[in-house]
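First up is the structure itself, then whatever we jot down about it.
Please treat every number below as a calculation from the coordinates, not as lab data. Computed from a predicted structure; not experimentally measured. We place every Cβ from the backbone using ideal geometry, glycine too, and count neighbours over all the protein chains shown.
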Ligand code: SF4
Ligand code: SF4
């Protein structure tokens, strides 16, 4: 049973600060001491003012930073934004101004360290500052997400993957959302946030998580030491089954989420929250997804004149779908998950994604 604390709140700073302090105390903030290196990870997706609900509200970030500083610890605020520069986001979001005068270090994630996350990903490069912090405070924004339904506590930690590695993984999400959810869960496990506080005071509904979404007042903060538990509470609040959020589903399958959550406070019912339209990558009944992927989605192919049999592709392939026989490599397209990692890692440009004949014909028919 995991505890999720829910508190009604507004962004009025004198009223918000004691609420955040209470949450921090209840969520083990007492372990923060003068020698603790604390990393605060808000959602800094893109430059946007607070009223657009794209980033974690500056007052939430400030209250958490003040709590950390009052404990005598060092506070660092970091993220690796998907769109726009880190500095621009700090300015447009109002975080720079809100924290002016506080001895806080603002630093964009840059250096990564390889972290072993086992199969099928093996290793993922995660921001060194996140991995090496003593306490990581995860401050997601409650938003919709057109690929993953919602972006909450577990998903927010994807920002700990630095720079260009992120779109690589997003690309793979387009192929297999469940695979992407698995990665998100692995990253969350690797980063091990100590405290998660979801900013759901001004949430986002519709076609989030960027400016395509619509701000929606929900008036709550949800805190937990377990990010998956906080995410489950949000699903309950929105009236959707917990496992509809794929990261929850993966956590449940792998025994990583609590069997149940205990809510401290009043969880409002937000039944008319507009979820995003998620464009299916594959369509039709689940039973035929494998067939559709095999026959309609572009597949990796090798230009044998360029291949040097260097082994990079078959060593990297997460599905172990590549073998080599004699002077040729061979793809097992039934196993291949179309992640295109092999194309990225081939040092000789021998691999590319090619449309299948069935795919070409189907697309022409659809256009007609
Ligand atoms: S990585 Fe490229 S060059 Fe190396 S074996 Fe694979 S296809 Fe051939
Ligand atoms: S063969 Fe290439 S695209 Fe297919 S699973 Fe392996 S790495 Fe991914």
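Here are the numbers for the structure shown:
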read-out	value
For the chain, built as a Gaussian network whose Cα springs stay under 10 Å, the top-fluctuating residue of 247, 74, 56	74
Sites residue 102 and residue 310 - FRET efficiency at Förster radius 35 Å, r taken between beta-carbons, to 0.05	0.10
Gaussian network model of the chain, Cα within-10 Å springs - most flexible of 326, 213, 163	326
Peptide ranges 152-160, 315-323, 349-357 listed from the most packed, as the mean C-beta count within 10 angstrom indicates	152-160, 315-323, 349-357
Contact order relative to length of the chain, as percent, for alpha carbon pairs under 8 angstrom and 6 or more apart	18 percent
Projected label distance in nm at residue 116 and residue 335, using a 7 Å step from Cα toward the beta-carbon	2.2 nm
Angle between the chain longest axis and helix 58-70 axis [Cα atoms, degrees, rounded to 10]	70 degrees
Overall form of region 228-276 per C-alpha gyration tensor (a/c, 1.5; a/b vs b/c)	oblate
Degrees between helix 177-191 axis and first principal axis of the chain (Cα, 0 to 90, nearest 10)	50 degrees
Estimated translational D of region 2-264 in µm²/s (Stokes, Kirkwood radius over Cα pairs; 37 °C; 0.692 mPa s)	183 µm²/s
Antiparallel bridges, percent of DSSP beta bridges restricted to the chain (to nearest 5)	60 percent
Nearest 10 degrees, 0 to 90: helix 165-175 Cα axis against the chain principal axis	60 degrees
FRET efficiency, residue 69 to residue 343 (Cβ-Cβ, R0 51 Å, nearest 0.05)	0.65
Candidates 243, 129, 231, ranked by Gaussian network fluctuation over the chain, Cα under 10 Å, top entry	243
Calculated FRET value between residue 244 and residue 360, using beta carbons and R₀ = 35 Å, to 0.05	0.55
Cα-based shape type of region 50-161, given that a ≥ b ≥ c are square roots of the gyration tensor eigenvalues and the cut on a/c is 1.5	oblate
Sum of -39500 (n - 2.57) over DSSP H runs of 4+, divided by residues of the chain (222 nm, nearest 500)	-9500 deg cm²/dmol
By average C-beta atoms within 10 angstrom, highest first, the peptides 184-190, 48-54, 94-100	184-190, 48-54, 94-100
